[in-house]
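The values are calculated or read from the model by the stated rules, or taken from the named source; none is laboratory data. None of these values were measured; they are calculated from a predicted model. Backbone-built Cβ (ideal geometry, glycine too); neighbour counts: all protein chains shown. We work out accessible area using only protein heavy atoms, side chains counted, and drop any ligands, DNA or RNA first. Shrake-Rupley method; radii C 1.70, N 1.55, O 1.52, S 1.80 Å.
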Amino acid sequence: MSLYDYNQPNDELKALIGKTVTVYRGGPESKTGKLVDVQVDYLALANENEASIIYYVMHHVQSISENARANSLPSFSSSNNTIEPVRAKSFKELLCDLISRRIKINQGGPESKQGTLLDVNDDHIVLFTEDDGVVFYHLQHIKSIYVQMEKEEDITEENDETTELEKATNNVPPYVKTPNFSALFTELTHTWVSINRGGPEAIEGILVPEGDGYCTVFNGDEIIRMNPNHIKSISCGPKGAFQGVIQQQNEQSTEKTEEKAGKEEKKQEAHGDKKKDEGKEKGEKEAKAQEAKGGKEEPKKQEAHDDKKKGKGEKETKAQEKKGKEVEGKKKGEDAKGEKPKKDEEKGEKKHDKRE
């Protein structure tokens, strides 16, 4: 059974599958693409350029038009670029298949919002957004769902990496889980809530118990009563507050990291100073030991040096004496040599005198 009891076979629309059509004549929901699937309560429009698919709820689709002349021409687009949609029998089943995926609610307007689909209940879905945190959307007011798809050639085998849901839910705060929208309002009583994302009917205030079938919200001096059937979405806290919370958490985390780094740095500095002091103390001890050792050894070294010097001086003296004796002996020899020729000369002169 479809969400809206829209049980028409849609055979006329199924004949348009594979053709380029425009959903809506204008407005933010108006998109042109290739019709790739038609089910009882939704249709799927593919945009091959963006590798995306928009799933339109049939209940809200006001018109579907095609360019008969353009569609009559043969298409030369490669079949490898075909985008395969998620196929389900109903829009609610489709949403269940999209849990953990990043989607966009509606293509424009005040209720358009991007986030990660966390859960699907009887009449509402749970969407985790970056600025408003957890937002509950009534299914009756969802016009379309935008999903970024993968092309067939880009699809690879699944690996053991962290799933998209685990990545997206790392910062998800605890939220109320109820089977339907009515029970959700009961659980959020006496809580500050934001009803509808934008537009003239967007309000904020404290939710009080329902009365006479209306939803009552207090905001300062103003008391606002809303028809529950026209409430499109609701979230806890002021709009945009979650982004501030995340920013504050990031700042605290940064401060803790910096504080930890500072402590580690001081610890390293203290450790370095300790090692430096130990090294200095060790150096001083070694210097004193060397000084003490040097004080004892210095006289011995000096004595040894003096003895060595004395011995060397004695050796040099003896060598000088020996050298002097040798010089003296040599001189005597030379004198003796000089005297002999003189004697011979005198002897020769005497002989000459005799001859005369």
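Selection within the range 220-241: residues that are hydrophobic (A, V, I, L, M, F, W, C) and closer than 20 Å to residue 178 by Cβ. The member of this set that is surrounded by the fewest Cβ atoms within 10 Å (Cβ to Cβ) is 226. Only residues that are surrounded by 13 or more Cβ atoms within 10 Å (Cβ to Cβ), part of a loop (DSSP other than H, G, I, E, B) and modelled with pLDDT of 90 or more were counted in the range 60-78, giving 2. Here the range 103-136 is the region considered, the condition is being crowded, with 21+ Cβ neighbours inside 10 Å and of a type in the set (Gly, Ala, Ser), and the residue that is farthest from residue 171 (Cα to Cα) is 115.
Restricting the range 179-218 to residues that are open to solvent by 30 Å² or more (accessible area, probe 1.4 Å) and touching an Asp or Glu at 6+ places or on another chain (Cβ under 6 Å) leaves a set whose member that is farthest from residue 107 (Cα to Cα) is 179. Residue 13 falls short of the stated requirement of being at pLDDT 95 or above and either not in a strand (DSSP E or B) or not aliphatic (A, V, I, L, M) (or both).
Taken together, 142, 155 contain a single residue that is exposed (fewer than 13 other Cβ atoms within 10 Å of the Cβ) and either modelled with pLDDT under 90 or in contact with an Asp or Glu (Cβ under 9 Å, 6 or more places away or on another chain) (or both), which is 155.
Tell me, which strands (runs of 3 or more DSSP E) wholly within the range 191-272 include 2 or more residues that are without any contact (Cβ under 8 Å) to a residue 40 or more places away in the chain and within 23 Å of residue 141 (Cα to Cα)?
203-211, 214-219, 222-226
Close Cβ contacts (under 7 Å, 6 or more residues apart or on different chains) running from residues in the range 85-104 that are without any contact (Cβ under 8 Å) to a residue 60 or more places away in the chain to residues that are open to solvent by less than 30 Å² (accessible area, probe 1.4 Å) and acidic (Asp, Glu) comprise 87/37.
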